[in-house]
Amino acid sequence: MSKLKDYYRLFDMFKGKLTEAQKEVLGQLEDQIIAEEVLPAISESVAPILTTLRRKLTLVVDYDPEGGITVKTTRGEVVVKEHTAKKYEIPATRKVVTVAEGDEKLPVKRSPATGLCVWLPNGNFIQVKRANLTMAEAIEQANPSEVAKLKIPHDGDYLVSKAKHPKYGGAQQHLSGGYLLNTHSSTVTKKKQLDKISEALHLGWKVEIIK
């Protein structure tokens with residue numbers, strides 16, 4: 001926030017000596033600094049939290065230097081009637097999906113854990129601690145119903161369907177629309193399946209195995 005600090009330092013130096021025209025110019029400069037420094041910082045801060053949601057959410061943040069911060073949410077659109085209201089386009093932030101998980105008792109001998117990272121064409125990415133959850137989040141964004149239509153075979157059934165697998169139901173992840181994703185497979189297989197989905201639906205994903 002170096003620019004904003006410099007701005008307020010300059011404003012305080014000439015406070016009480018500014019003409020209305022100068023105040024207007026400085027006000028426009030403040031708006032520009034807010035758009036360049038403050039809003040992107042806010043976006044980066046809330047992105048890891050909001051990207052876990054699976055529906056649209058509008059946040060209204062009201063800040064008063066003396067009264068503090070008030071945050072309201074709504075599912076609909078927000079219309080601000082004030083003639084001074086401004087809309088800022090915030091630069092896109094990388095999509096990071098995180099999931100809180102409890103401690104597990106793991107076998108002493110096991111293969112090195114691997115995960116997945118799904119890069120999107122816009123530079124954002126999907127990455128969760130476990131490969132199966134990363135896969136579920138990616139397919140959720142791709143639209144489970146569209147993926148189900150591909151009828152990708154898996155374990156004697158389909159990769160995505162609405163039927164509980166008779167043997168590997170415990171490995172199925174719940175998706176929106178009542179769909180289930182069978183994640184009973186290796187990380188390599190998951191990558192191949194995601195590559196296939198990306199190619200079939202023209203999603204432009206780049207899927208990587210990470211350690």
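Numbers below:
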{"read-out": "Among residues of the range 1-51, those that are loosely packed, with under 14 Cβ neighbours inside 10 Å, among the hydroxyl-bearing types (Ser, Thr, Tyr) and closer than 30 Å to ASN124 by Cα, counted", "value": "2"}
{"read-out": "Search result, residues across the range 173-211 that are acidic (Asp, Glu), under 18 Å from GLN127 (Cα atoms) and part of a helix (DSSP H, G or I)", "value": "ASP195"}
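Condition check ((1) in contact with a Cys (Cβ under 7 Å, 6 or more places away or on another chain); (2) β-branched (Val, Ile, Thr)) across all residues:
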site: GLY123; (1), (2): no, no
site: GLU140; (1), (2): no, no
site: PRO144; (1), (2): no, no
site: SER176; (1), (2): no, no
site: THR187; (1), (2): no, yes
site: LYS190; (1), (2): no, no
site: ILE210; (1), (2): yes, yes
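The numbers here are math on the coordinates, done by the rules we state, and not lab data. Predicted model only: the values in this text are computed from it and were never measured. So basically every Cβ, Gly included, is an ideal-geometry build from the backbone, and we count neighbours across all protein chains shown.
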